[in-house]
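A quick write-up on the structure given underneath.
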Amino acid sequence: MLATLTQAAADSFQSPSIDWHAFAPELVLIATIVILVLVDAVKLERARPLMPAIAGIGLLVAIIPLATLAAEGGTRSLFEGSYVVDSMSLVLKALFIVSAYIVVLLSTNYVAEGDYWESEYYTLLIASVLGMTVMASSRDLVGIFVALELLSIPAYMLAAWRKGDPRSNEAGMKYYLMGVFASAILLYGFSLTYGVGGSTRLTEIGRSIQEWGTDGVPVVTLALLFTIIGFAFKVSAVPFHMWAPDTYEGAPTPVTAFLAVASKAAGFVALIQVVYYCFIVRPDIIEPVFWVLSVASMTVGNLIALRQTNVVRMLAYSGIAQAGFMLAPFAVVASDPSASLTALVTYLVIYAAMNLGAFACVIAISRKTRSAEMDSFGGLFTYMPGLTAALTLFLASLMGIPPLGGWFAKFGVFAVLVNADTGLGWSLAIIMAVNTVIAAYYYLRVARSMWFDDVPEGVDAVPVRTPAGITISIAVTMGLTVLFGVLPAAVTNLTDFSSVAFGG
Amino acid sequence: MASSPLSDFLRSYLTAAIFGSLGFILVGLLLFLSYLVRPNRHQAQKYLSYESGVDPVGSLWSQSQIRYYIFALLFVMFDVEAVFIFPWATRVEAYGVFGLVEMFVFIGVLLLGLVYAWRKGVLKWA
């Protein structure tokens, strides 16, 4: 039996013609992983100071093929359409790789000073980024699942990196268990999707779903729901957000930044793939589901964030609320698909810049305060005015105050919701407006504590030096946050997807 | 109702469900019958865990060596490698140079893992 199978496979075998250029960013990342492991295996402990440098250079080199691919333009389709490199996937790959580079900058001192395992840290980080870049191009159920596992499994380990701290172990454990649970739900959804579509390729599934029509096929609804729920865990949408605050608080803060930005963006990318290439023919199911997810996420996230006393936990709940804002364009997806997509990807890019910046500031401040409790931030302005101003700027951007990037991101989503001119769109826009006001309270509370409160007892108001890596990442993210707000064309030129073809 | 592919699909589940429940009923029936006819004498020894006739010693919770796990992990790595190599080896000439290079890249990356494990001292049984 096996012999005949291998015989048949071999007889029909032709060496595939692979577009190496389209694969170049992934290949560079794989090479970086191999080099990291090799250097670690050869030099052992002496390799520790080299690791962040190798990881950083690898990520920077991976940007070069992205730039050449973008310069050439066009859509490259590999493996009979299972793997597509187009303008959207290039923008998202750039987002992942640049975010990871900033996380490497943030980690360098944290990991070295904390005396944690170093080479494995960067190897796993890059492996996770590799999964994200694969995710951005996959147009196939199997490819999406493999990418999802490749990006998640290293992240489970990274979340538990502070081995000696029970809270970090708790973070890793919760993330792992919830992640596996989500994978199981997702796989069930995928199996139903495959049953409905008769193919693992998203475009073909989309075509089949269209042929099924809209009546009497409850299995399509089930497939869609399970798939969306699987990814909703990843983007920490309410009611699938339970892991996020504990994981964010317990994990090493640079890893938290990575999870909150890159990992969440990867979840959204996966949602974009399945919604836009496969389920877009059923807006009657998609739109209400995303309306509920979006409203629940922003409302619950914001209300719980009001009561937080730890800045990292507050940022976790704010991340849940922001995920709600990012889910909103899906709720009006049928009216103007490419406008919704543009609003969403623009939000992802701007959110990455401002959230990474906020985490960078928290990491820098925690080097002094030794905690992320809001009380310990009191009177920070008197002795570390630069960081205070930077964090305030990022919080203002997260709030959505013009002329910062966060304002334009929110504006884009509002515009899409209102232009759709549907009941779902209008109601969601109103709920979003209310939530934006609620969010201002907790962001400003941190700012007030830093600017107006007294320095807490027993703290010598002496600043500590911020390492160059963190300073650079704060400068870069701050520059981008301001640039995207003042000159939105800088990001909208990249995220104009009106030419991208969707659906079956 | 016209037979659609989906209802055919669901009907095969129905067959599976009928056979599954028949299995449960059969086993349950036999257990119930033996409950009716067997003698019923309680003894403390009957509630001990069975360890090949030896009295169990110590607590139920025991720690096992993590190194067994690591060796198992390394074994799985090369076990899975074999799954890919055997079919490839049966028809290696058909895959040509491309197949050869591909397989060596694959084995090379896996070997890298072994080298890493060896250098980190995992292979020492100390």
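The values are calculated or read from the model by the stated rules, or taken from the named source; none is laboratory data. Everything numeric in this text was worked out from a predicted model, so none of it was measured. So basically every Cβ, Gly included, is an ideal-geometry build from the backbone, and we count neighbours across all protein chains shown.
Here is how the numbers come out for the structure above:
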{"quantity": "Residue that is farthest from A:I304 (Cα to Cα) [pool: residues in the stretch A:273-288 that are surrounded by 24 or more Cβ atoms within 10 Å (Cβ to Cβ) and either modelled with pLDDT of 90 or more or of a type outside the set (F, W, Y) (or both)]", "calculated": "A:C278"}
{"quantity": "Condition check for A:I33: within 10 Å of chain B (Cβ to nearest Cβ), closer than 30 Å to A:T495 by Cβ and crowded, with 21+ Cβ neighbours inside 10 Å", "calculated": "yes"}
{"quantity": "Qualifying position, being without any contact (Cβ under 8 Å) to a residue 60 or more places away in the chain and either under 30 Å from A:L222 (Cα atoms) or small (G, A, S) (or both), among A:A155, A:A184, A:A136, A:A171", "calculated": "A:A184"}
{"quantity": "Unique residue being without any contact (Cβ under 8 Å) to a residue 60 or more places away in the chain and either in a helix (DSSP H, G or I) or surrounded by fewer than 16 Cβ atoms within 10 Å (Cβ to Cβ) (or both) when the list is A:T382, A:T388, A:T392", "calculated": "A:T392"}
{"quantity": "For A:A316: the one exception among (1) over 23 Å from A:W407 (Cβ atoms); (2) within 17 Å of the chain's Cα centre (by Cα)", "calculated": "(1)"}
{"quantity": "Residue check for A:D454: free of Cβ contacts under 8 Å to residues at least 12 places away in the same chain and either exposed (fewer than 12 other Cβ atoms within 10 Å of the Cβ) or touching a Leu at 6+ places or on another chain (Cβ under 7 Å) (or both)", "calculated": "no"}
{"quantity": "Hits in the stretch A:421-443 - residues which are loosely packed, with under 15 Cβ neighbours inside 10 Å and part of a helix (DSSP H, G or I)", "calculated": "A:G423, A:W426, A:S427, A:I430, A:A433, A:V434, A:V437, A:Y441"}
{"quantity": "Residue match in the stretch A:458-467 (condition: of a type in the set (A, V, I, L, M, F, W, C) and modelled with pLDDT of 90 or more)", "calculated": "no"}
{"quantity": "Hits in the stretch A:332-347 (condition: in a helix (DSSP H, G or I) and surrounded by fewer than 23 Cβ atoms within 10 Å (Cβ to Cβ))", "calculated": "A:P337, A:S338, A:A339"}
{"quantity": "All positions within the stretch A:195-236 that are of a type in the set (S, T, N, Q) and either on the phi > 0 side of the Ramachandran plot or in a helix (DSSP H, G or I) (or both)", "calculated": "A:T203, A:S208, A:Q210, A:T221, A:T227, A:S236"}
{"quantity": "Of the criteria (1) touching a residue at least 24 places away in the same chain (Cβ under 8 Å); (2) farther than 22 Å from A:Y110 by Cβ, which one A:G423 fails", "calculated": "(1)"}
{"quantity": "Qualifying residue in the stretch A:109-119 (condition: outside any helix (DSSP H, G or I), without any contact (Cβ under 8 Å) to a residue 12 or more places away in the chain and under 20 Å from A:L158 (Cα atoms))", "calculated": "yes"}
{"quantity": "Residue check for A:V292: aliphatic (A, V, I, L, M), free of Cβ contacts under 8 Å to residues at least 24 places away in the same chain and more than 21 Å from A:I97 (Cα to Cα)", "calculated": "yes"}
{"quantity": "Flag for A:T422 being at pLDDT below 90, more than 22 Å from the chain's Cα centre (by Cα) and within 30 Å of A:V98 (Cβ to Cβ)", "calculated": "no"}
{"quantity": "Conditions (1) within 13 Å of chain A (Cβ to nearest Cβ); (2) part of a helix (DSSP H, G or I); (3) not β-branched (V, I, T): number failed by B:L123", "calculated": "(2)"}
{"quantity": "Residue that is among the hydrophobic types (A, V, I, L, M, F, W, C) and within 11 Å of chain A (Cβ to nearest Cβ), where the choices are B:F98, B:F84", "calculated": "B:F98"}
{"quantity": "Subset of the stretch B:106-120 [part of a helix (DSSP H, G or I) and within 10 Å of another protein chain (Cβ to nearest Cβ)]", "calculated": "B:G108, B:V109, B:L112, B:G113, B:L114, B:V115, B:Y116, B:A117, B:W118, B:R119"}
{"quantity": "Test: A:L192 is aliphatic (A, V, I, L, M), in a helix (DSSP H, G or I) and surrounded by fewer than 22 Cβ atoms within 10 Å (Cβ to Cβ)", "calculated": "yes"}
{"quantity": "Count - residues of the stretch A:39-59 that are facing chain B (nearest Cβ under 9 Å), crowded, with 16+ Cβ neighbours inside 10 Å and free of Cβ contacts under 8 Å to residues at least 12 places away in the same chain", "calculated": "1"}
{"quantity": "The lone exception for B:L74 - which of (1) more than 11 Å from every other protein chain (Cβ to nearest Cβ); (2) touching a Phe, Trp or Tyr at 6+ places or on another chain (Cβ under 9 Å); (3) in a helix (DSSP H, G or I); (4) not polar (S, T, N, Q) it fails", "calculated": "(2)"}
{"quantity": "Some residue of the stretch A:205-226 being under 20 Å from A:A296 (Cα atoms) and surrounded by 18 or more Cβ atoms within 10 Å (Cβ to Cβ)", "calculated": "yes"}
